[in-house]
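The values are calculated or read from the model by the stated rules, or taken from the named source; none is laboratory data. Here the structure is a predicted model, which is why all the values come from computation and not from measurement. Note that each Cβ is placed from the backbone with ideal geometry, even for glycine, and that neighbours are counted across all protein chains shown. Ligands, DNA and RNA are stripped out before the accessible areas are found, and what is left, the full protein with its side chains, is counted by its heavy atoms. Shrake-Rupley method; radii C 1.70, N 1.55, O 1.52, S 1.80 Å.
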Amino acid sequence: RAVLLTHGHADHIAAAADFSVPVYIHQLDTACLNDAVVNLSSFVGTPFVCPPGMEVRLLEDGMTLPVAGRTFTVLHTPGHTPGCVCFYSPTDGVLFSGDTLFAGSIGRTDFLAGSYEAIIGSIRSKLLTLPDETKVYPGHGPATTIGKERRDNPFLTE
């Protein structure tokens, strides 16, 4: 029904146009769709941009998205990129965290427009406020829970 992008890096947008459905991304990351430097693909030797004509819809913090029988709340979590978002379904108790929060780690902030202070602030104000039992599905690596990350993640227990 839709492609929900947590941010605009190439490893997360490369297949966005393959499904002929609307593609959702935060406005602050839309430049990634059309700029191989901004989406980082030029740095790995395979510059990539999304094809023209792709239907792009903009995400905003707090908006709700009914998709495939589920409702997700958009949580704007800048830090890894300015337009990073997470998708939270309170009904299902799940969070798709993209590259904001990983099991035992956080997203990189040394890329273009990344900010360590912003990602830590995003995690503390938007994610650690969720119930401990919330299942977290990161953009890379194993699943975790909010409670486990609150207790054990070295970036968050300092």
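Can you tell me which residue is surrounded by the fewest Cβ atoms within 10 Å (Cβ to Cβ) among those in region 79-89 that are outside any strand (DSSP E or B) and in contact (Cβ under 8 Å) with a residue 60 or more places away in the chain? Before the answer, list the steps.
Step one: of region 79-89, the residues outside any strand (DSSP E or B) are 79-84.
If we keep only those that are in contact (Cβ under 8 Å) with a residue 60 or more places away in the chain too, we end up with 80-81, 83-84.
Working: 80: 28, 81: 34, 83: 23, 84: 29.
Among residues in region 79-89 that are outside any strand (DSSP E or B) and in contact (Cβ under 8 Å) with a residue 60 or more places away in the chain, the one surrounded by the fewest Cβ atoms within 10 Å (Cβ to Cβ) is 83.
Mind checking whether some residue in region 129-136 is part of a helix (DSSP H, G or I), farther than 20 Å from residue 22 by Cβ and among the β-branched types (Val, Ile, Thr)? Scanning region 129-136, I find no residue that is part of a helix (DSSP H, G or I), farther than 20 Å from residue 22 by Cβ and among the β-branched types (Val, Ile, Thr), so the answer is no.
With outside any loop (DSSP other than H, G, I, E, B) and either within 26 Å of residue 19 (Cβ to Cβ) or open to solvent by 10 Å² or more (accessible area, probe 1.4 Å) (or both) as the only criterion, which of 72, 111 stands out? Step through it out loud before you land on a result.
Numbers: 111 fails: outside any loop (DSSP other than H, G, I, E, B).
Just a single option satisfies the conditions, and that option is 72.
Within the option set 143, 36, being within 17 Å of the chain's Cα centre (by Cα) and surrounded by fewer than 21 Cβ atoms within 10 Å (Cβ to Cβ) holds for one residue only, 143. When residue 42 is tested against (1) part of a loop (DSSP other than H, G, I, E, B); (2) farther than 16 Å from residue 98 by Cβ, exactly one condition is not met: (1).
If I ask for residues that are in a strand (DSSP E or B) and under 14 Å from the mean Cα position of the chain (by Cα), which ones from region 90-108 would you list? Break it down stepwise before answering.
Looking only at region 90-108, we keep the residues that are in a strand (DSSP E or B), and these are 94-98, 101-102, 105-106.
Those that are in a strand (DSSP E or B) and under 14 Å from the mean Cα position of the chain (by Cα): 94, 95, 96, 97, 98, 101, 102, 106.
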